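Structure first, then comments.
The values are calculated or read from the model by the stated rules, or taken from the named source; none is laboratory data. Source: prediction; values computed, not measured. Quick reminder, even Gly has a Cβ in these numbers, built from the backbone with ideal geometry, and neighbours come from all protein chains shown.
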Amino acid sequence: MRKQESVKTLPQNPTGISIRPLRAWATRPALWLAASLFAIALITWISPEEKVLGAGARVVYLHGAWVWAALTAFAAAAGIGLLGLIYRRDALHAWSRALGRTGLFFWITYLPISMWAMQTSWNGLYLAEPRFRLAVIFSIAGLLLQVGLTLINRLTWNSAGNLGYAMALFTALRFTQNVMHPPSPILNSEASRIQLYFTTLFTLTLLAAWQVARWWHEKDPLPEQATTTKHRSAH
């Protein structure tokens with residue numbers, strides 16, 4: 001009985017250091033985003049060269065993974081937004097808003113990577129290429145859309161806007177002519193090693209996109225979630 005009583009009186013945390021802040025810090029989107037970007041840079045650097053492009057193909061791999069991540073985020077924003085409109089769930093609308101902003105972030109930042117890929121692949125900037133012009137047009141349109149939706153500040157409008165934007169973008173991509181930009185060059189490649197590296201790169205870019213979406217979602221939480229967060233921080 002004495003041994004049992006002595007065990008009960010032992011402190012659970014002798015150091016007195018709270019573990020909760022450490023766990024919260026370890027799950028922060030910024031930390032995982034930094035780790036993802038580091039892994040993306042590393043995989044891009046060690047990716048295999050291509051026979052024609054040489055080491056410049058690594059930029060093409062990054063360019064493809066980045067734009068695919070943007071398109072995935074746009075598709076997810078549209079799909080979740082559609083579910084939010086059907087089931088009238090604010091939580092779905094909030095995720096549609098976060099994913100729509102994430103897709104736009106990756107879409108806009110894909111432009112300089114695309115220009116870098118042009119320089120390494122074509123030895124110059126072919127800005128009149130239809131795919132690049134489409135990217136610029138939808139970057140401007142997407143930026144204006146997201147600014148307008150932020151000013152309106154209605155979750156249902158975010159879902160409807162993301163759905164309409166994604167439909168317009170994917171329709172335009174389907175009917176845009178490829179002049180110098182080959183259709184899916186990596187998927188159509190017979191080099192399995194290149195495809196493996198690209199798949200890894202794309203997965204890491206999706207992980208980075210998910211951290212950006214988490215950050216947007218935490219930045220603009222639902223009213224009840226914001227109240228809960230303030231209550232927890234007060235304690």
Residue in the range 96-143 that is modelled with the lowest pLDDT, counting only those that are polar (S, T, N, Q), farther than 30 Å from I80 by Cα and in a helix (DSSP H, G or I): S121
Got at least one residue in the range 129-146 being exposed (fewer than 13 other Cβ atoms within 10 Å of the Cβ) and either touching a strand residue (DSSP E or B) at 6+ places or on another chain (Cβ under 8 Å) or more than 26 Å from W210 (Cβ to Cβ) (or both)? yes
Within the range 73-98, restricting attention to residues that are farther than 13 Å from L155 by Cβ, among the aliphatic types (A, V, I, L, M) and in contact (Cβ under 8 Å) with a residue 60 or more places away in the chain, which residue is surrounded by the most Cβ atoms within 10 Å (Cβ to Cβ)? A73
Suppose the filter is assigned to a helix (DSSP H, G or I) and surrounded by fewer than 16 Cβ atoms within 10 Å (Cβ to Cβ); does W45 pass it? yes
